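Student: My questions will all concern the structure given below.
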Amino acid sequence: MSISRKTAIGLGALATAASALALMASPYGATSAKAQSPKVAGPARVDNFLLADQDLLGRELYRMSDDKAVVLVTYASADKQIHADAHALMALKAAYPKGVDVMAVDSRIGDKRDPVIADAKAAGLDMPILFDYEQLVGEELGVTRAAEVIVIDPKTWTIAYRGPVGGAKAAVDALMAGQKVALTSVEAKGEMIAFPERAKSATFAQISYAKTVAPIIQAKCATCHQPGGIGPMPLNSYEQIKGFSPMIREVIRTHRMPPYLADETVGAFQDDDRLTPDQMKTLIHWVDAGAPRGAGEDPLKKVAFQAPEWPLGKPDVTLNIPAVKVPASGVLDYTHPVVPMTLPEGRWLKATTFRVTDRQVVHHILSGTVATDHKGDTFSESQWGASLGGYGPGRGSNIQPLDTGVWVPAAGGVGFQNHYTPYGKETEEKTQMGLYFYPKGEEPKYVLRTFLMFDFSIEIPAGEEWHKETSYIEFPKDAILYGITPHAHVRGGSTQVSIIYPNGKKEMLLALPRYNFNWQYEYFLKQPLKVPAGSKILAKWTYDNSTRNPGNPDPTKIVYEGEQTSSEMMATYLHYRWVDETVAHQTPENEKLLAANMMMGILDDNMDGKIEKSELKGGPQGPANMLLKYFDMIDTNHDGALDANELAAATKLLQRSRGPAPKTAETKPAPVASAAAASPASR
């Protein structure tokens, strides 16, 4: 269900809305204040939080500071009072097309996305519904019942009203008029919502720091928050943790830390470093109790914390990427150095990792094999062979899935695509790349491939908060999907990656409700996925080009695809292998078939297998504009759309206008027999 603050209301709904608004003319609707239930307890102020809604869009409370009022409705699926109040709630939402966000918060244990979507539709409720699976937001808000309306003043983040919907409009009107509003609270009439942890609140002060809290911090936080780690401060003792305890509570409630962006209800992944729900609740409740020290020695003080120089151990080969002096300001073009690498023999790559000396300046580093030692900045990525992985903010090592690898030839070198972004201080970046090979005699069985699914036709309107873009790729042969790496720039809002099987069945594989450029992870599936021939992998992105995006360079500009951070990208890397391909029997022809489907997936926004003129966007200088210019000539059957055959012919035109077409990362190893017989690589 797609939700918009500009939702149109039909004539019948308008009549209902007018009736409901008339009912809300008095502070508490048709019932007098004396007849209302007693006041309810709750906090006077609201802390920040981020929750995903039913469309898997991350809604963060404090991003709504430009509102005059924020209205939260406590929700429970199939609640009778919610259904009875739905018309009045929609009337309240319709009364304020600007300056007020109206959202529901579902904290009831067991409520799931699809049934809630169906229930809200049946009730006629059309608004974001935020899922509070751990109940941390509901606990903090003092929620006890469904159908309670909570009106928040964004100037102070204080609560102005809580109670039935009938009393909400008076509070919102006062806030819209800029008036100070004293808290009015009246008990709601929805069903009770159970909060099991609330009954245990008296025991929160007994949570053991030594036995419970410290082990969580050591396992999930200290790997980054230690000397030499990427965390901005250490968390290696009780005193440090106590001092940062309010921040710990805030980053957990906003899902910023640990920075694993995948939604907890979609997919299962290897190396998932998120806090478990129990760990989240334990830390929050311990902080709420004052972060007590309790009995026992501090186990963290017994640990000699120090981030390793190389997280995977000493590399088999270390490459020094040419140092780059980065000025304090300005825009830097991409650099494309090639570092020679001479091995006694070709080797199968198992992993790579990058040591970056100044993380603030590195936007990204990509790498791939080149056949010969090309020096200078003239070697195009379109001529690379195998992808050797890369680095982006927050990203760790690139580790190949079990039994898969990438061939690195003995001669030639490694090409790099490096993007540096000045941040106000002159610096010099000296990145090193470590390569780790399979031991001789333990070569992998399969060739790992990487395909970049992207969209050069994105066009993001100025000021828009939830702009949508899509792209897809159809697999021509059976494949096994191992992992997904999403990439956008600072306006990236959210992304969802799904598979659509040949029979039409759709399954979501990954959802990032709130994309964060500073944490660009590879998400490898816990169980590799069979992708039958004819299946489509679909990527859906939203972009936040509004003033609410704190990283937005300029919300007044229309944004198109481009290399620099001030532009945008829509990139989704797929890591896979072909079912009919092994190290001994390789099928590079499959890569060509896959690449042939690229252009249709880029431009076919409505996924009907053809391109209409309305789908050709992306700016006056973009490749889509070239197609639009020659559309009538390319449309040889004159049906007003470009089919796959017509598009294939037009691709040559685009290649001439844009340079060599993007290609998939491709391995070209020597025969297995010669690889196995070669001598060990130099360490």
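The values are calculated or read from the model by the stated rules, or taken from the named source; none is laboratory data. None of the values given here were measured: they were computed from a predicted structure. Here the Cβ positions follow ideal geometry from the backbone for every residue, glycine too, while neighbour counts run over all protein chains shown. Ligands, DNA and RNA are stripped out before the accessible areas are found, and what is left, the full protein with its side chains, is counted by its heavy atoms. Shrake-Rupley method; radii C 1.70, N 1.55, O 1.52, S 1.80 Å.
Student: Out of A219, A262, A210, I need the residue that is in contact with a strand residue (DSSP E or B) (Cβ under 9 Å, 6 or more places away or on another chain) and not aromatic (F, W, Y). Which one?
Tutor: Residue meeting the stated conditions: A262.
Student: Mind listing whichever residues of the range 551-572 are in contact with a Pro (Cβ under 8 Å, 6 or more places away or on another chain) and part of a strand (DSSP E or B)?
Tutor: A571, T572
Student: While we're here: Looking for something over 30 Å from A84 (Cβ atoms), among the aromatic types (F, W, Y), in a helix (DSSP H, G or I) and touching a residue at least 60 places away in the same chain (Cβ under 8 Å) - is there at least one such residue anywhere in the range 228-251? Before you say what the answer is, go through the steps one by one.
Tutor: The first filter runs over the range 228-251 and keeps only residues over 30 Å from A84 (Cβ atoms), leaving 228-251.
Among the residues that remain, those that are also among the aromatic types (F, W, Y) are: 238, 244.
Still in the running and in a helix (DSSP H, G or I): 238.
Cutting the leftovers down to touching a residue at least 60 places away in the same chain (Cβ under 8 Å) gives us 238.
Yes; the residues of the range 228-251 include at least one that is over 30 Å from A84 (Cβ atoms), among the aromatic types (F, W, Y), in a helix (DSSP H, G or I) and touching a residue at least 60 places away in the same chain (Cβ under 8 Å).
Student: So, in the range 388-409, exactly how many residues are open to solvent by 30 Å² or more (accessible area, probe 1.4 Å), over 20 Å from K314 (Cα atoms), in contact (Cβ under 8 Å) with a residue 12 or more places away in the chain and of a type outside the set (D, E, K, R)?
Tutor: 1
Student: Exactly one of these conditions fails for K325: (1) farther than 13 Å from G412 by Cβ; (2) touching a Phe, Trp or Tyr at 6+ places or on another chain (Cβ under 7 Å). Give me its number.
Tutor: In the conditions (1) farther than 13 Å from G412 by Cβ; (2) touching a Phe, Trp or Tyr at 6+ places or on another chain (Cβ under 7 Å), K325 misses (2) alone.
Student: Would the range 570-583 turn up any residue that is surrounded by fewer than 18 Cβ atoms within 10 Å (Cβ to Cβ), of a type outside the set (S, T, N, Q) and more than 23 Å from K617 (Cβ to Cβ)?
Tutor: yes
Student: Kindly provide the set of residues from the range 185-211 that are in a helix (DSSP H, G or I) and in contact with a Gly (Cβ under 8 Å, 6 or more places away or on another chain), ordered by number.
Tutor: Within the range 185-211, A205, Q206, Y209, A210, K211 meet the criteria.
Student: How many residues, within the range 265-288, are more than 20 Å from T223 (Cβ to Cβ) and either surrounded by fewer than 18 Cβ atoms within 10 Å (Cβ to Cβ) or touching a strand residue (DSSP E or B) at 6+ places or on another chain (Cβ under 9 Å) (or both)?
Tutor: The qualifying residues number 6.
Student: From the list A291, A304, which one is in a loop (DSSP other than H, G, I, E, B) and buried (at least 20 other Cβ atoms within 10 Å of the Cβ)?
Tutor: So the residue among A291, A304 that is in a loop (DSSP other than H, G, I, E, B) and buried (at least 20 other Cβ atoms within 10 Å of the Cβ) is A291.
Student: So in the range 428-465, with the set limited to residues that are among the polar types (S, T, N, Q) and buried (at least 17 other Cβ atoms within 10 Å of the Cβ), which one is nearest to V339 (Cα to Cα)?
Tutor: Our first condition is that a residue be among the polar types (S, T, N, Q); within the range 428-465, this holds for 431-432, 450, 457.
Filter once more, keeping what is buried (at least 17 other Cβ atoms within 10 Å of the Cβ): 431, 450, 457.
Working: T431: 12, T450: 22, S457: 33 Å.
Top of the filtered list is T431.
Student: Condition (residue is surrounded by 21 or more Cβ atoms within 10 Å (Cβ to Cβ) and within 25 Å of P439 (Cβ to Cβ)) applied to the range 353-362: is it met by at least one residue?
Tutor: The answer is yes, given that some residue of the range 353-362 is surrounded by 21 or more Cβ atoms within 10 Å (Cβ to Cβ) and within 25 Å of P439 (Cβ to Cβ).
Student: Restricting to the range 126-168, name every residue that is part of a helix (DSSP H, G or I) and either within 22 Å of P196 (Cα to Cα) or of a type in the set (D, E, K, R) (or both).
Tutor: Of everything in the range 126-168, those that are part of a helix (DSSP H, G or I) and either within 22 Å of P196 (Cα to Cα) or of a type in the set (D, E, K, R) (or both) turn out to be L136, V137, G138, E139, E140, L141.
Student: Filter the range 94-122 down to the residues that are part of a helix (DSSP H, G or I), open to solvent by 10 Å² or more (accessible area, probe 1.4 Å) and touching a residue at least 40 places away in the same chain (Cβ under 8 Å) and list them by number.
Tutor: A94, R113, I117, D119, K121
Student: Suppose we keep only residues that are open to solvent by 60 Å² or more (accessible area, probe 1.4 Å) and part of a loop (DSSP other than H, G, I, E, B) within the range 502-521. Which one would you say is nearest to G609 (Cα to Cα)?
Tutor: Checked the range 502-521; the qualifying residue nearest to G609 (Cα to Cα) is P502.
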